[in-house]
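Please treat every number below as a calculation from the coordinates, not as lab data. Please read these numbers as outputs of a predicted model, since none were measured by experiment. Cβ sites come from the backbone with ideal geometry, for glycine too, and all protein chains shown count toward neighbours.
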Amino acid sequence: MMAPTQALSADRCARSAGLASKSGSSFFQGQQVFCRSAVVKSCGVTRRQSVLVVRSSQNTVIIGLAADSGCGKSTFMRRMTSCFGGSPKPPAGGNPDSNTLISETATVVCLDDYHSLDRFGRKETGLTALDPKAQDFDTMYEQTQAIKDGKSIDKLIYNHVTGLLDPPEKISPPKMYVIEGLHPFHDERVRNLCDVKIYLDISPEVKFAWKVQRDSKERGHSVESIEASIKARKPDFDAYIDPQKKYADIIIQVLPTQLIPDEKEGKVLRVRMIQKEGVKLYDPAYLFDEGSTISWIPCGRKLTCSFPGIKFQYGPDTYFGEEVSVLEMDGQFDKLEELIYVESHLSNTSAKFYGEITQQMLKNSTFPGSKNGTGLFQTMVGLKIREVYEKLMQKEVKPMV
Ligand SMILES: Nc1ncnc2c1ncn2[C@@H]1O[C@H](COP(=O)(O)OP(=O)(O)OP(=O)(O)O)[C@@H](O)[C@H]1O
Ligand SMILES: O=C(CO)[C@H](O)[C@H](O)COP(=O)(O)O
């Protein structure tokens, strides 16, 4: 028979069970914590002691991912879901133009599905897709809340081919629900539903280079039209998308390299992983020595570097008035398998075994950005999300080997 639950506070119970936490309180929103008195036998001695029982009261972990169009959200998603296993696929038998991707653990929905104005409505009103007036935040909030409460939703589909809103698709609550798009943190109600908030901050030069790569080479658009489209979106991007980064827990900032003067083509990148301090669900990753300021050029005997080399930096900083720690990589790897040398100097990575980051990067080596900091930090954020998921759901995720 279960011993009665004692009326001890969770933290007091944790202390009496010998489980004091580093940050003072051991528990997270979304966990039910019970203190039970149990008979414990150890080294032949039987005694009664406080036992902590932690259960998840949360059905679904919600991840928010914000970025402008063409800034690597899909690539990030593939790296992140790869840390959970299974490959994401569109809903079986549904609308072929659905934006949703479903894998064993995660369902990823695109917030374009909450455009309240379709392409023609935007043309008539002169609003861009980035303008909050072109989004239905009430439905976005109600449906995200419903998913968090374990209820299915019927969500419209924004058809990127026709520019129209298609009839709804049914989305059942998954274990992890990812909302990715232009405005996951604009509306306070939606923002507060996110357990982890990530922002991909791509500098204008790099955004342009990536857009040209995709839209001119893969979609046949002219460089002039791509430039014009970025220019037309810029005021609304600055007004409504970019300000959301202050709410993010982790920002991946992508800038032109500083290793080659005036290099703006985006071939070599300087990537910064900005991690908020004091987030209860995980500790920031660090290089060598937590809290120190470090500059490291690992090129030499253990890491092959061709021009312009690789430079890492790590240290504390402030971001919109909040304390952060920043891990930075400028340059790119020649031989991806040598990343293991860098990995051995990183701590608090949320990897489950030595070499897991390198293994993930090698597994996904065909994805864009695999040789630079975008791939490295996207992978590290994927592992952080896995750790948050395990804590909130009280469920272990086996490493994907
Ligand atoms: N880390 C990277 N390094 C180099 N190029 C990249 C990187 N990430 C993305 N790209 C380029 O940017 C393009 C857009 O990437 P992706 O499809 O992941 O972005 P997205 O934000 O999902 O775009 P959209 O919202 O328009 O669907 C890719 O086709 C690729 O050319
Ligand atoms: O910024 C975007 C998000 O992906 C799109 O441009 C937006 O959804 C509008 O779509 P379309 O280009 O089909 O009119």
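Here are the numbers for this structure:
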read-out: Whole-number percent relative contact order across the chain, with pairs defined as alpha carbons under 8 Å at least 6 apart; value: 16
read-out: Whole-number percent relative contact order across the range 51-169, with pairs defined as alpha carbons under 8 Å at least 6 apart; value: 23
read-out: The chain - mean residue ellipticity at 222 nm from DSSP helices (-39,500 (n - 2.57) per run, n ≥ 4, rounded to 500); value: -7000 deg cm²/dmol
read-out: Of every Cα-Cα pair in the chain, the percent that sits beyond 32 Å; value: 40
read-out: Hits among aspartates and glutamates - C-alpha to C-alpha of LYS398 under 19 Å, sequence gap 8 or more where chains match; value: GLU104, GLU356, GLU387, GLU390
read-out: Helix axis angle, 137-148 relative to the chain longest principal axis, alpha carbon, degrees; value: 30
read-out: Burial ranking of peptide ranges 281-293, 375-387 (average Cβ count within 10 Å, highest at the top); value: 375-387, 281-293
read-out: Over 21 Å (Cα to Cα) - which of LYS148/LYS175; LYS197/LYS280; LYS89/LYS155; LYS170/LYS384 fall in this group; value: LYS170/LYS384
read-out: DSSP-loop trypsin sites (Lys or Arg not before Pro) across the range 319-363, with at most 14 other Cβ within 10 angstrom; value: LYS335
read-out: Backbone HN-Hα couplings from phi across the range 332-342 [Karplus 6.51/-1.76/1.60, Hz, Gly and Pro as x]; value: 9, 6, 7, 10, 4, 5, 6, 4, 3, 5, 5
read-out: 0 to 90° range, to nearest 10: angle between helix 223-236 axis and the chain longest Cα axis; value: 50
read-out: Charged-residue dipole, Cβ positions (Lys, Arg, Asp, Glu), the range 234-388 about Cα centre, Debye nearest 20; value: 400
read-out: Contact order normalised by residue count of the range 260-372, Cα under 8 Å, 6+ apart, percent; value: 29
read-out: Charge dipole (debye, nearest 20) of the chain; +1 at Cβ of Lys and Arg, -1 at Cβ of Asp and Glu; value: 1500
